[in-house]
Amino acid sequence: MVLFSPLLNAFEQAYAPIRAGKATIFLPFELIPEKIVRLSTKRTGDVSQLAWTPVWEADYYVVEHYQGGQWKTVNDKVLTSFTSTAQTGPFRIKSCHRYGCSSWQQNAVTVDADLEVQAFYATSSQVEPGEVFQLHWSQSGATAISVTKSVNQYTTPALTMKSPSLRSLSQSINYVTKYTLTAYGFGGQKLQREVVVSPLAEVRTIEQALPSNYPQPLRELGLDVIERTIVEHNGSLYFATHDDKLFRYKSQVIQSARGEKDITWQKEWVLNTAGVVANAPVFNDGFAYFTVSMMGEKGKACKVDINQPGTPDCSKQFDSNVIAAPMLIDKAQLNATASSLSQSSFFSSVSDANEILMNGLYVFQRNGTIKVLDTDDLSTELKTYIMPPQAKNVLTKPLLIGSVELVRAAEQSTQFAKHVTEAVNTVGSGPQLIYREGNKLLGIAFPKSTPQSESVTQQMSRMLGLEAVQSTSQGSQTMQVVWEVEL
């Protein structure tokens, strides 16, 4: 039997024991590790970085590059799932152990984005024992991903190292379970995100924030608050929790005999939302508008009277989760904002917006569909837009050029303001959404509506001086990326 030597490419022979009566014989068979699923490459300066999905039974990896019409060895014994070299591609790689090597993987994927995990969540934070639910995540710049689950301090794999193109996982639980997503990048870099799912029969333990010198008004409430949903409006705090509820709290100032002031928070109302509210509500004319994600990849938009809360008024269910907050467009408010603020480059498209956009609640579904709903009746769909393919997984609300939100974002980041100003001045006017996908900012233009001839009913209404009923759109319009910049 030849001893294993990677330099000589000599391997041991694998044998399988076979029972034959009372005797055991050993038959030779081929035993090689699995082929690497994905090879990722990235050029940084004069260095080529390589990373790949590891193979659990591999002892080492062999890397080669193609030059001068032949494959040449870069490293014949890489002990990690990543390496770097001054050589340029194409590259190929195979996994090996003492019995042999897999076939070559040479279909490399070029990765340009920096490693980032935008979201990791479950379709519901509380489920019936044994009920199947979905874990979802969004990332950029990853070369591999894995998911583990922890129950009572015991951690086991829920998903072994897989290609980062995978974005969801079906699970079921009987006990409180913490899931940890790990996204791997080049050079051994990795990022982790966690989510906890509880069976309805158990009470989830909520980790309290540590006291600090900063105001922490929600710390003592004992609620499992989704932090990104917290928003202040007219002196009240609104926020959602992981158990499918939306709260409103009011602050009260209590003055002691010594003249010291203490602020306490009193619950004014709570709504059952029948799904997760993942982002902060938006407000207009005494109503709070919010989106809800439900099990089964469903979603909806709702509104509630903030002063007389009752059963929320909701849209029809969409065939996609709705993670991003909705966007209210009121052309009168856009015009007022444009005339009162001085950032002219951010408001050059307001006049065009008056002609192209319509008033309504713009709901951004995760699959890239935008539904424009009538704010008076959310069950009425006024128009449908389709985001371009560059916006692959819509989890956050885009910013509308001409909106106050865009001005606030520009005030917080001079780099962001510079990128947007230069892009808008170059491309020209027209209503656009600013959306971040990975490490890129995308300028996405609304298509110009095709004029439609009036129906007989509309003509008669106009002639008689009656208010014409606005017709709903037929079909959908696809939006286009008109500019993009690297962050």
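The values are calculated or read from the model by the stated rules, or taken from the named source; none is laboratory data. Note that this is a predicted model, so its numbers are computed, not measured. As a convention, Cβ positions derive from the backbone with ideal geometry for all residues, glycine included, and neighbour counts pool all protein chains shown.
Side notes on the structure shown:
- Total residues in the range 59-92, condition of a type in the set (A, V, I, L, M) and either more than 21 Å from residue 160 (Cα to Cα) or modelled with pLDDT under 90 (or both): 4
- Test: residue 117 is in a strand (DSSP E or B) and either over 27 Å from residue 138 (Cα atoms) or out of contact with any Ser or Thr (no Cβ under 7 Å at 6 or more places or on another chain) (or both): yes
- All helices (runs of 4 or more DSSP H) inside the range 403-487 with 2 or more residues being at pLDDT 70 or above and not basic (Lys, Arg): 404-412, 414-427
- If you filter the range 408-425 down to residues that are β-branched (Val, Ile, Thr) and surrounded by 18 or more Cβ atoms within 10 Å (Cβ to Cβ), you find that the one that is nearest to residue 485 (Cα to Cα) is 420.
- Some residue of the range 38-57 being touching a residue at least 12 places away in the same chain (Cβ under 8 Å), farther than 22 Å from residue 145 by Cα, hydrophobic (A, V, I, L, M, F, W, C) and outside any strand (DSSP E or B): no
- Considering residues of the range 48-103 that are among the aromatic types (Phe, Trp, Tyr), in contact with a Phe, Trp or Tyr (Cβ under 8 Å, 6 or more places away or on another chain) and farther than 21 Å from residue 185 by Cα only, the residue surrounded by the fewest Cβ atoms within 10 Å (Cβ to Cβ): 66
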